[in-house]
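Let me begin by presenting the structure, written as structure tokens, before commenting on it.
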There are 2 protein chains.
Amino acid sequence: MELLKERIRKDGVLKPGNVLKVDNFLNHQMDIKLMNEIGKEFKKRFEGEQIDKILTIEASGIGIAAIVAQYFDCNMVFAKKSKSINLDGDMLTAKIESFTHKRVYDVIVSKKFINPGEKILVIDDFMANGCAARGLCKLIVDAGAEIVGIGIVIEKGFQSGGQDLRDQGFRVESLAIVDGMDDEAGTIQFRE
Amino acid sequence: MELLKERIRKDGVLKPGNVLKVDNFLNHQMDIKLMNEIGKEFKKRFEGEQIDKILTIEASGIGIAAIVAQYFDCNMVFAKKSKSINLDGDMLTAKIESFTHKRVYDVIVSKKFINPGEKILVIDDFMANGCAARGLCKLIVDAGAEIVGIGIVIEKGFQSGGQDLRDQGFRVESLAIVDGMDDEAGTIQFRE
């Protein structure tokens, strides 16, 4: 998605350790017009697919998934990272390791919000090692629902998450795949 | 907002301790069509006001705020509850106490995303003791920006947060104000 790559080139900040900061438009401040273009692009990529529900994970996936859901005319569910007193009843759970926060989370979704047979699209802002997406896929499989695909805004193609999931037969659509970055030179390479 | 009150009556679950669960449509599964109606209602309530940016707090405010921002044609910023390695530079900070999670959070927003003189609308899903809204207002004041108002989807009118903020001169627009609930009888009273 050329518009997104241009924006990453313009506003993305590269930091040592292969950190790409896009908090100017994606995961702290959100450019709502760009989110709408992202929603249209996911709709185009999954055109013709039946999507009953979108599943994402808190926090930064939520805003994107809410806007994307408008284009699929469906509801959105976000998985939660810690048990809250407001969550009870039967839960689907998975463990995920966050690349950003360097810790392991329990991720939970109430069973009543993913129903057997539903066709689910996973949406998230970033994919690096793919742990979050794999955790969400596990929740869907455990619920007896169907994973239509995984839509990612920015994939770090030099980490193995996306390739591993594709090798397992999942359809992964990433709107921008970063194949390399050099924080000293300030350069970033996207996959064609 | 009658549509919202009807939905709370239909799908809200009352629990002991004045807990109102609306995870079916608001803060775990999100009914995106209802979120759009909520966006239109906030736009109507703040009609004629200049809104440069919407500020909310992770996690459950994000989806609502993203969709509401579409109606004000502006960007959205969400405050974060814990320090991440991807957040650096100058930060605005406040402490808030969560009624739901019974703990105190540090809330942070990068200074570069709230600029002096900007007119900000605070959006959140719930208000009980008002700590989250007061924390967000502190961030805005510390940034030298202006608080146009506070838009809340569901206010617990029997807790003091909303009244305290109104007494301090803030414009608080709550789409449904719950004045009382009885979990044994399964009844809920809304303010007229």
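Within straight-line reach of B:K43, meaning a Cα separation under 14 Å, sit the following aspartates and glutamates at least 8 residues removed in sequence or on another chain: B:D52, B:D73, B:E173. Ranked from shortest, the separations from the 7 Å Cα-to-Cβ label point of A:E6 to its equivalents in the other copies are 4.4 nm.
For the range B:51-180, a simple Cβ point-charge model (Lys and Arg +1, Asp and Glu -1, everything else neutral) yields a dipole of about 340 debye relative to the Cα centre. Taking a ≥ b ≥ c as the square roots of the eigenvalues of the alpha-carbon gyration tensor, the range A:16-130 is classed oblate because a/c is 1.5 or more while a/b is no larger than b/c. Helix B:131-142 and the longest principal axis of the Cα set of chain B meet at an angle near 20°.
Straight-line reach from A:K15: which aspartates and glutamates have a Cα under 16 Å away, not including same-chain ones fewer than 8 places off? Candidates past the 8-residue exclusion: A:D23, A:D179, A:D182, A:D183, A:E184, B:D88. Kirkwood analysis of chain B, using all unique Cα-Cα pairs, places the hydrodynamic radius at 16.9 Å.
Charges were assigned to the Cβ only: +1 to each Lys and Arg, -1 to each Asp and Glu. The resulting dipole of the range A:93-169 about its Cα centre is roughly 200 debye. Considering the protein assembly as shown at the alpha-carbon level, its Rg and Dmax are found to be 20.1, 66 Å. Amide H contacts of B:V77 (H built 1.01 Å from N, in plane; Pro and chain starts excluded): A:M30, B:I54, B:L55, B:T56 sit under 5 Å, all sequence-distant by 5 or more or on other chains. Across the identical copies, the label point of A:D90 (7 Å from Cα in the Cβ direction) is separated from its matches by 5.3 nm, in order from shortest.
Largest GNM mean-square fluctuation among A:V68, A:V19, A:V153, using chain A with Cα springs under 10 Å: A:V19. All other residues whose Cβ lies under 12 angstrom from that of A:E49 are scored, Lys and Arg at +1 and Asp and Glu at -1, for a net of +1.
Note: relative contact order over chain A, using C-alpha pairs below 8 Å and six or more positions apart, is 19 percent. Only lysines eight or more places from B:K112 in sequence, or on another chain, were considered; those with a Cα closer than 17 Å are A:K10, A:K21, B:K53, B:K80, B:K83, B:K138.
The accessible surface of the range A:18-82, taken with every protein chain in place and a 1.4 Å probe, is 39 percent carbon and sulfur. Counting only Cα atoms, the range B:101-182 measures 45, 27, 19 Å along its principal axes, largest extent leading. For chain A, the share of DSSP beta bridges that are antiparallel, to the nearest 5, is 40%. Taking amide H atoms as placed 1.01 Å from N in the peptide plane, the amide H of B:F126 lies under 5 Å from those of B:V153, B:I154, each 5 or more residues away in sequence or on another chain. What the Cβ-Cβ distance of B:V141 and A:V13 gives, at R0 = 41 Å and to the nearest 0.05, is a FRET efficiency of 0.90.
Between the residues B:C131, B:C74, B:V107, the greatest Cα displacement towards the positive end of the dipole of the range B:63-192, with unit charges on the Cβ of Lys, Arg, Asp and Glu, is found for B:V107. At B:E37, with labels set 7 Å past Cα in the Cβ direction, how many nm apart are the copies from this one, shortest first? Copy-to-copy label distances at B:E37, shortest first: 3.3 nm.
Ranking A:P16, A:I96, A:S160 by Cα position along the charge dipole of chain A, where only Lys, Arg, Asp and Glu carry charges on their C-beta atoms, puts A:I96 farthest toward the positive end. Evaluated at q = 0.17, 0.25, 0.28, 0.30 Å⁻¹, a Debye calculation over the C-alpha positions of the range A:1-65 (equal weights, vacuum) places log10 I(q)/I(0) at -0.71, -1.20, -1.29, -1.33.
The values are calculated or read from the model by the stated rules, or taken from the named source; none is laboratory data. Predicted model, so just to flag it, every value in this text is computed and none were measured. Reconstructed Cβ throughout: ideal geometry from the backbone, glycine too, with neighbour counts over all protein chains shown. The accessibility values were calculated without ligands, DNA or RNA, using every heavy atom of the protein model including side chains. Shrake-Rupley method; radii C 1.70, N 1.55, O 1.52, S 1.80 Å.
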